[in-house]
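Only one structure is covered here, and it is reproduced in the block below.
The values are calculated or read from the model by the stated rules, or taken from the named source; none is laboratory data. As the structure is a computational prediction, the values presented were derived from the model and not from experiment. Using ideal geometry, Cβ is built from the backbone for each residue, glycine included, and neighbour counts are taken over all protein chains shown. For the accessible areas, the whole protein counts, side chains as well, though only heavy atoms, and no ligand, DNA or RNA atoms are used. Shrake-Rupley method; radii C 1.70, N 1.55, O 1.52, S 1.80 Å.
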Amino acid sequence: MQDVYFASTDTIATTIVWAMTALIKNPSMLKKVQAELRSALPTLQNKAMVEEEDIVTARLPYFNSVIKETLRVYSTIPLLVPRETMKDCTIDGYEIPAKTLVHVNAWAISKDPELWKDPFEFKPERFLEDERIFSLDLKGKDFGFIPFGAGRRGCPGITMALATLEITMANILYLFDWGLPDGVKREAIDNDISPGLTLHKKNPLLLVAKKFV
Ligand code: HEM
């Protein structure tokens with residue numbers, strides 16, 4: 001139970017921090033995703049928050065691309081969970097004995113320049129402009145994009161992860177306008193990370209929220 005608890009809370013929280021980091025550094029994208037949400041979702045007349053049913057029925061292509069691009073650029077679990085080979089095998093001429101510890105570099109895979117143009121840039125549009133990228137499955141079928149890993153040890157919480165990311169991000173972006181504290185410049189927001197299984201932002205992200213509705 002403890003594993004599931006950490007695997008579900010830490011990952012979603014850190015992904016949201018990175019999404020907000022990318023958006024605050026790219027004000028035009030922040031504006032675009034908020035405009036999409038605020039026009040596609042019903043006005044919140046009798047309720048305080050966006051609810052899941054609002055999201056399920058709305059068309060939110062840019063918002064969904066922001067989530068995918070966050071998972072691509074800031075690979076939440078960059079080296080996945082370590083594996084061990086079950087028997088001897090040969091890959092590209094290299095003989096790998098049984099019981100070898102294997103780390104899959106999902107971070108590097110999602111920056112492969114053969115698949116991703118300008119791989120280090122945060123560009124949600126890439127998922128809308130390129131049919132090949134748009135149709136990539138992020139649930140482990142396409143090995144070029146495996147933010148949730150793949151195979152039998154792949155993340156069992158994908159559905160909950162995406163649903164929670166969507167509802168939380170939708171509320172954060174719909175209900176508030178976001179800015180920087182006085183005196184802080186956009187360029188000062190860094191992408192430094194602290195070591196660990198999950199890719200955490202080293203320096204906390206401090207933003208100012210202003211209620212929109
Ligand atoms: C943004 C959210 C999340 C991301 C990016 C994420 C990503 C991952 C990744 C990359 C792995 C390793 C997969 C592999 O090695 O092939 C993993 C494993 C795991 N995840 Fe998630 N996850 C998220 C949310 C969740 C949620 C919501 C739950 C449960 C409710 C969950 C439960 C687990 C568990 C139990 C494992 C270990 C599976 C095993 O080792 O057999 N995760 N996750």
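Net charge near Phe127: determine it from the other residues with C-beta under 14 Å of the C-beta of Phe127, scoring Lys and Arg +1 and Asp and Glu -1.
-3
Between Asp190 and Arg59, what FRET efficiency comes out of the Förster formula 1/(1 + (r/R0)^6) with R0 = 35 Å and r the beta carbon distance, rounded to 0.05?
After rounding, the FRET efficiency stands at 0.55.
Considering only protein heavy atoms, what per residue accessible area in square angstrom results for the range 32-184 with a 1.4 angstrom probe?
On a per-residue basis, 59 Å².
Under 5 Å between amide hydrogens, which residues at least 5 positions from Ile193 or on another chain qualify, with H placed 1.01 Å from N in the peptide plane?
Counting only residues 5 or more places away or on other chains, the set is Lys202.
If Met1, Met49, Met20 are ordered by their accessible area, calculated over protein heavy atoms with a 1.4 Å probe, which sequence runs from highest to lowest?
Met1, Met49, Met20
Taking one equal scatterer on every alpha-carbon of the range 97-213, how large is log10 of I(q)/I(0) by Debye at q = 0.10 1/Å?
-0.46
Given Cα pairs under 8 Å that are at least 6 residues apart, what percent is the relative contact order of the chain?
24 percent
Can you give the direction-averaged projected area of the convex hull of the alpha-carbon atoms in the chain, in nm²?
It is 14.1 nm².
Would you please give the residues with an amide H less than 5 Å from that of Phe176, counting only those at least 5 places away or on a separate chain, with H modeled from the backbone geometry?
Here Phe212 satisfy the definition.
Keeping the other protein chains in place, figure out the carbon and sulfur percent of the accessible area of the chain, with a 1.4 Å probe.
The nonpolar share, carbon plus sulfur, comes to 59 percent.
Could you tell me the largest-minus-smallest coordinate of the C-alpha atoms of the range 1-64 on each of the three principal axes, in descending order and whole angstroms?
Here the spans come out as 39, 31, 20 Å, largest first.
May I ask for the distance between the Cα centers of the range 169-207 and the range 33-79, given as a whole number of Å?
18 Å
Just to be sure I follow the rule: in the range 41-139, considering lysines 8 or more places apart or on different chains, how many pairs have Cα atoms under 27 Å apart?
11
Which of Trp107, Thr90, Phe122 sits farthest toward the positive end of the charge dipole of the range 76-204, with +1 on the Cβ of Lys and Arg and -1 on the Cβ of Asp and Glu?
The Cα lying farthest towards the positive end belongs to Thr90.
Report, in degrees rounded to the nearest 10, the 0 to 90 angle that the Cα long axis of helix 27-40 makes with the longest principal axis of the chain.
70 degrees
Taking the 0 to 90 degree range and rounding to the nearest ten, how far is the long axis of helix 158-175 tilted relative to the main principal axis of the chain, both from C-alpha atoms?
30 degrees
For the range 104-160, taking Cα atoms only, what is the radius of gyration to one decimal and the Dmax to the nearest whole Å?
Final numbers for Rg and Dmax: 11.7, 32 Å.
Report, ordered by chain and residue number, the aspartates and glutamates lying within cross-link reach of Lys211, taken as a straight Cα distance under 18 Å and ignoring same-chain residues fewer than 8 apart.
Excluding near neighbours in sequence, the set is Glu36, Glu51, Asp177, Asp182.
In nanometres, what is the gap between the two model label sites at Ser28 and Val208, each 7 Å from Cα along Cα-to-Cβ?
With each label placed 7 Å out from Cα toward Cβ, I get 2.5 nm.
Where Lys and Arg each count +1 and Asp and Glu each count -1, what net charge lies around Thr85 among other residues with Cβ under 15 Å from its Cβ?
So the environment of Thr85 carries a net charge of +1.
Please determine, in degrees from 0 to 90 and to the nearest 10, the orientation of helix 61-73 with respect to the longest principal axis defined by the Cα atoms of the chain, where the helix direction is its Cα long axis.
Once rounded, the angle reads 40 degrees.
Could you rank Lys185, Lys201 by how accessible they are, 1.4 Å probe, largest area first?
Most to least solvent-accessible, the answer reads Lys185, Lys201.
As a check on your grasp of the helix formula, calculate [θ] at 222 nm for the chain: sum -39500 (n - 2.57) over DSSP H runs of n ≥ 4, divide by the residue count, round to the nearest 500.
Rounded to the nearest 500, the figure is -12500 deg cm²/dmol.
Using the Karplus curve 6.51 cos²θ - 1.76 cosθ + 1.60 with θ = phi - 60°, what ³J(HN,Hα) values do you get for each residue of the range 126-138, in whole Hz, with x for Gly and Pro?
After applying 6.51 cos²θ - 1.76 cosθ + 1.60, I find 4, 6, 9, 8, 10, 4, 4, 6, 4, 8, 5, 8, 8 Hz.
Under unit Cβ charges (Lys, Arg +1; Asp, Glu -1), what dipole magnitude, rounded to 20 debye, does the range 1-143 have relative to its Cα centre?
360 debye
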